[in-house]
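Okay, so here's the structure we're looking at.
The values are calculated or read from the model by the stated rules, or taken from the named source; none is laboratory data. None of the values given here were measured: they were computed from a predicted structure. With ideal geometry, Cβ positions are generated from the backbone for all residues, glycine too; neighbour counts draw on all protein chains shown. Just so you know, the surface numbers come from the protein's heavy atoms only, side chains and all, with ligands and any DNA or RNA stripped out. Shrake-Rupley method; radii C 1.70, N 1.55, O 1.52, S 1.80 Å.
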Amino acid sequence: MKKGLFITFEGADGCGKTTQLNLLKDYLEKKGYEVLVTREPGAKGLGEKIREILLGYEGEVSDRCESFMFLADRAQHVDTIIKPAIESGKIVLCDRHTDSTIAYQGYGRGIDLEEIKMLNNLAVGSTVPDLTYVFDVDVETSMQRVGSSKDRMESAGKEFFNKVRLGYIEIADSDPIRVKVINSADTIENVFKKVSKLCDDLIECHNFES
Ligand code: TYD
């Protein structure tokens, strides 16, 4: 059966990952690859409903409830969208995935990291990214980029985002083959040169027909 690739884009809010994801989509499509762009939380259908609650609900949401909702969204997303697309040979570009839960709910909210990792495994099964970009930028710059209209998560404050940033660096340190940190304080063009090179290297090692 043909098998595609799974690439995830991670980083704190305002890190510029979505811009890079869209540039990579165009780049890969020009080279003739079939690309699926998707996101967490809330890609489609049920996921969109979960997203509305996660980002828009104004009442109290406990940290554990928040974690389970991101994980529930992920399980649905993997089973109904990501896995079928990879199996059909597409390159899946996903805006946030498992590492967001480790960084935000684990490092940010303080939920036990080993428990989060175990629950992530339960949510995704054998579908794990082939490559993950972590776009790293200092918290002041990322908060400036987010601006003043913030969703529920973005309103968490500077201290929270410092923890999230540190979380991402530790995730990358612990899995350097899969996770690549890119300094995204640089220009969009320079960041994209690194993004495309890493993707080209990955494709070179991958046999799309196998
Ligand atoms: P979104 O508007 O998609 O932000 P961004 O463009 O930065 O990705 O909102 C997603 C928010 O949800 C973002 O603040 C990160 C957060 N999040 C978690 O806290 N845990 C998770 O597992 C995921 C997937 C996202």
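There is no residue in the range 122-131 that is free of Cβ contacts under 8 Å to residues at least 24 places away in the same chain and not in a loop (DSSP other than H, G, I, E, B).
With respect to Leu36, determine if the residue is within 24 Å of Cys205 (Cβ to Cβ), outside any helix (DSSP H, G or I) and over 13 Å from the mean Cα position of the chain (by Cα). Criteria met by Leu36. In the condition set (1) open to solvent by less than 50 Å² (accessible area, probe 1.4 Å); (2) touching a helix residue (DSSP H, G or I) at 6+ places or on another chain (Cβ under 7 Å); (3) away from the ligand (no atom under 12 Å from the Cβ), Ile81 is compliant with all but (2). From the residues in the range 191-210 that are more than 13 Å from Leu24 (Cα to Cα) and free of Cβ contacts under 8 Å to residues at least 60 places away in the same chain, which one is least open to solvent (accessible area, probe 1.4 Å)? Here the answer is Asp201. Evaluated against (1) within 12 Å of the ligand (Cβ to nearest atom); (2) over 15 Å from Glu154 (Cα atoms); (3) free of Cβ contacts under 8 Å to residues at least 60 places away in the same chain, Asp95 falls short on exactly one condition, (3). Quick check on Met143: is it of a type in the set (A, V, I, L, M), assigned to a helix (DSSP H, G or I), open to solvent by 20 Å² or more (accessible area, probe 1.4 Å) and at pLDDT below 95? In short, yes.
Among all positions in the range 102-113, there is at least one residue which is more than 12 Å from the ligand (Cβ to nearest atom) and surrounded by 14 or more Cβ atoms within 10 Å (Cβ to Cβ). Please enumerate the residues belonging to the range 38-71 that are among the hydrophobic types (A, V, I, L, M, F, W, C), modelled with pLDDT of 95 or more and crowded, with 16+ Cβ neighbours inside 10 Å. Scanning the range 38-71 gives Met69, Phe70, Leu71. What number goes with the only condition from (1) open to solvent by 60 Å² or more (accessible area, probe 1.4 Å); (2) over 21 Å from Val146 (Cα atoms); (3) not hydrophobic (A, V, I, L, M, F, W, C) that Asn22 does not pass? So Asn22 meets the others, but not (2). Among the residues making up the range 161-210, those that are out of contact with any strand residue (DSSP E or B) (no Cβ under 7 Å at 6 or more places or on another chain) and in a loop (DSSP other than H, G, I, E, B) are Asp175, Pro176, Ile177, Ala185, Asp186, Thr187, Cys205, Asn207, Phe208, Glu209, Ser210.
Could you check the range 52-92 and list, in sequence order, the residues that are part of a helix (DSSP H, G or I), charged (D, E, K, R) and farther than 24 Å from Leu113 by Cβ?
Correct list: Glu52, Asp79, Lys83, Glu87.
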